[in-house]
Structure formats: C-alpha cells, structure tokens
Ligand SMILES: Nc1nc2c(c(=O)[nH]1)N[C@H]1C(S)=C(S)[C@@H](COP(=O)(O)O)O[C@H]1N2
Ligand SMILES: [Mo]
C-alpha cells in the first residue's frame, strides 16, 4: 500500500508544483514555463536527423507531441521519486529539487532568457516538496497508514494542481487574446508599389499556409514595446518602431516560400502576397561596411537566420514583411514583422518575429541551422509537384486532368512536363504566373486507359536547366528528384 501511495503522492506533488510554475510563467514570462523551457531545450539538443523525422512524420503536431512526451517523463520521474521518498526522506527534497533545477536550467538555456526566469521552476519545486512532505507524513514506514487522511490530503493537492493548471491555461489564452486584438487593430497602409496583379487561385490562404518553426509557444510581441534594431557593420545603427516601418514606402510582391525540409512532393511550400519595407534601400541608407557578408536576423525568441548580404542587395525583392495576403502577418507567421527573401529557403532568409538585424561576417557567426549542419548558402532548388490526382487515387478512364505546381524562385519556370509510365515526356500547360518568384500552376489532359499507372513530373527553369532526377534528402541543402505517384484507372 505504501508504494502506490508514494507514487500517487509524487505525481500529485509534481502536478501541483508544475501547475504553480506554469501560472507564474504564464503571467510574467511564458518562455520560462518549465514544460515549454524543457521542450525548447530538447528541440535545440535534438540531432538534426531526429528533427527531420519529427517534422516529416508529425508536421505541425510535432509540438503538442513533444510537450506530451515531456509531461509524461516528468510524471514518471515524479512517481518514482514519490515511491523512493516513502523510505528515503531525503528524496522529499531531492526529487523536487532535481526537477526544479532541470526546469530552471532549461529556462536559463533559452535564448533571451533573464536570471529571474528560474523563479517559476524554483517556486514550483519548493511547493512540490512541501506537498510531498505533507502527503507522505501519512504513509511513512512506522506510522500507521492513515488511508482516509492520505486520500483527503491527496484530493486537496490534486485540486490545487487542477486549479493551477487551469489558471495557467486561462492566463495563456487571455494573453493570446490580447495579442490577437492588438494585431486586429493594426491598419496597414497601401503599398507604394503594388507589384504585378495576381490571380487569387495562385495564392495559399493564410489559414492553409504551412508553418515550420522551433517555437513551442507563438512568441508574444507587445507592439508598443517592440522595435527593430539594425546594428553591427553599418555606418549608422538604427532602431525602427512598427510605425517607422509603416511610414516607409512599402512594396507588395507575390512570393513562394519553401522549406528546406520539404520532401519531394511534400506540403511545405506556399505562396502569399507579402507587403513590406524593401530591405536593400534600407540597408544602403545605413551604409553597410565593405567587409560585411552576412546579415543575421534574430527573432524575439532567439532564432538566428543568416543571409548573404550580396543576395539581399542583388536586386531581388527581399523585404521586412508586415502584411500577408492583405492582412497583418498572422501571429504564427511572424507578427509583427518578418523577413522574406525570395529564392532562399526559409531557414536562411525568412526570420519570423524579428527583433534585430546584425551586419556581420560568415566567418564570425554561424546561425542556428548552420550550427546544426545545414548549408550556409540556401538557394531554392527547382521543384515540381503533382497535386491532382492524389497518390493512389482511383480515377475513371477517359480524360483525366493532372495538375500541380512548379517553382524555381528567381529563375522562373520555362516548362513543365508529365510522363505516364515509361512513355515520352509531354509538355503541360502553364497558367500565367505573376513573376519568377512564385510557383506556376500547370495542368495536363491525360487520356487515361484502364489499369495501374505511374505519373511523374519535372520542370525546366528559364536558364534551361532541367530539374534533376537524382534523389537527395532535404538535409543539408534541400531535396531533389522527380515527384512520382501511382494511380489506378478504372474502366
Ligand atoms: N523566428 C523563427 N523564424 C523562422 C523559423 C523559426 O523556427 N523561427 N523557421 C524558418 C523556416 S525553417 C521556415 S521554412 C519559415 C517558415 O515560415 P512559415 O512558418 O511562415 O511558413 O520560417 C523561417 N523563419
Ligand atoms: Mo524551413
């Protein structure tokens, strides 16, 4: 009886301690919450191959899955500590202390952390120790096991844990609501240069736009306190408020953003009309030093993304984006301001939730993903994808429309070809695209005969280069190969 009582005591004390720590953090510094902090530390420490697998297999649910795993680990350790503490009283202090130190250490390891970020975990651990002592008083060896007393105490601690966890969720929701309202109050000016007209069907709605980032909680940016610092190797440093940015002449451009982690045929590509401050004139006005070859963008949550200065100044429409498809940036996509660098994978050109831009050199600094082995130079590789029919679809014999998208940002797509089984490559029809920086939509009318068939697609960019058949994994510089699907044609 004492062993289960110990396990229950350990679990409840931990639930109560973590709950209190999470409320404290939610009300002050969300990134200092022990679960999120440990989760973030796990993400940073995870080997690239495992991260790849998580993004591939779990997509956006990688985050809830990770938080659940962290929660289960804490629960197991806490139950174990409770069982040991029945006999070894030192564990009443040592168990919570170890978990508290882990939480505090993880909070400190977070980028942009403050010394006081240890407070939620330490307070939580102390309260957990008190609860554990109080529960185990009734289950210690030598003491007559007071079942009723134990259950009553356990119910009380469980109640405390539920109230604290509920309060932390409520506080987080309220904060999220306030941020969402601040975003809704933003009125974006019209672009001084609105760019080419865009067919709405070419665009990915914001709600469907893929999301890839390391942020376990969407960073909370208070617009009033926010400014963008531009510093490092420039003759004049600058600090720009959101108002300052909106007062500059804005451009609006359709750009297809692609993730380096996208597999051949994968979903991590999307096209939006981005509204923002063109970056090249801003950088030129601040006087970039001759030796500065890297621009490091830092986000409010400490992400670092390095882009070659030469790329940003080569005439492409790199920008500090404030709008996405006619709205302020959605919170998940970088509100209030993110970078967009056409033709470069997101990890090397499109930092969300911007805090600062530093002009430096590649010699001096490795950005987050570069430190983890990803390529320094990250031009987007030519890609194409079959969206219709779906893989393994059953279709009727006759004319079947095969359709999809193809992209080669910066170079533009010259042609797309489709191949059925081992037949010849046939040219697909391209729908008009507004610029070389967006994907093109293509379609091909296939005379489908009954039976199983495979369909493949390949694109040719406007330099004349044909998309390579060679298979490459996303790591370290983007996947290559032809997207090929199997379908069954019924009679
Ligand atoms: N602050 C921050 N910016 C970031 C990332 C991130 O993890 N944190 N991920 C990058 C990656 S890998 C990609 S592909 C794009 C994705 O942008 P989206 O989520 O708006 O589609 O954001 C980039 N910017
Ligand atoms: Mo990415």
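Some notes on this structure:
- All alpha carbon pair distances within region 208-351 were sorted into 5 Å bins beginning at 0; the resulting P(r) in whole percents reads 2, 9, 19, 24, 22, 15, 6, 2, 0, 0.
- Mean-position separation - Cα centroids, region 316-354 and region 224-261, in angstrom: 9
- Given their separation in residues at 0.36 nm each and the Cα-Cα distance between them, residue 465 and residue 190 gain 95.2 nm when the chain is fully extended.
- As a rough footprinting exposure proxy, the listed residues 113, 454 were ranked by other beta carbons within 10 Å of their own, and the order from fewest upward is 454, 113.
- Global form of region 37-179, assessed from the alpha-carbon gyration tensor, a/c cut-off 1.5: prolate
- With N as its number of residues, region 443-491 has a Cα radius of gyration that, divided by 2.2 N^0.38 Å, comes to 1.50.
- For the chain, the equivalent ellipsoid built from the Cα gyration tensor has semi-axes of 48, 30, 19 Å, listed from largest to smallest.
- Each label point was placed 7 Å from the Cα along the Cα-to-Cβ direction; for residue 170 and residue 76 their separation is 3.4 nm.
- Computed per residue of the chain from DSSP H runs no shorter than four, each worth -39500 (n - 2.57), the mean residue ellipticity at 222 nm is -11500 deg cm²/dmol.
- Remark: spin-label model distance residue 155-residue 371 equals 5.0 nm, labels positioned 7 Å along the Cα→Cβ axis.
- Neighbour counts of C-beta atoms inside 10 Å place 255, 300, 84 in the sequence 84, 300, 255, starting with the fewest.
- Gap separating the Cα centres of region 165-207 and region 28-101, nearest whole Å: 31
- 13 Å cut-off, amide nitrogen to a point 7 angstrom out along residue 126 Cα→Cβ, residues in region 13-31: 21
- Taking the chain and dividing mean pair separation by its residue count, relative contact order in percent (alpha carbons under 8 Å, at least six apart): 13
- Between helix 119-136 and the chain: long-axis angle, C-alpha atoms, 0 to 90°, nearest 10: 40
- Segment residue 98-residue 390, extension gain: residue separation times 0.36 nm, minus the distance between their alpha carbons: 100.1 nm
- Projected area, mean over directions - region 11-104, Cα convex hull, nm²: 6.6
- Simple spin-label estimate for residue 49 and residue 148 gives 6.0 nm between the two label positions (7 Å along the Cα-to-Cβ direction from each Cα).
- If a spin label sat at a point 7 angstrom from the Cα of residue 199 along the line to its beta carbon, the backbone N atoms of region 434-451 nearer than 18 Å would be those of 434-446.
- Going from the fewest other Cβ atoms within 10 Å to the most, the residues 1, 339, 233, 73 appear in the order 1, 73, 233, 339.
Each reported figure results from applying straightforward, stated rules to the coordinates on display, with no laboratory input. As the structure is a computational prediction, the values presented were derived from the model and not from experiment. Heads up, the Cβs are rebuilt from the backbone with ideal geometry, glycines too, and the neighbour counts pull from every protein chain shown.
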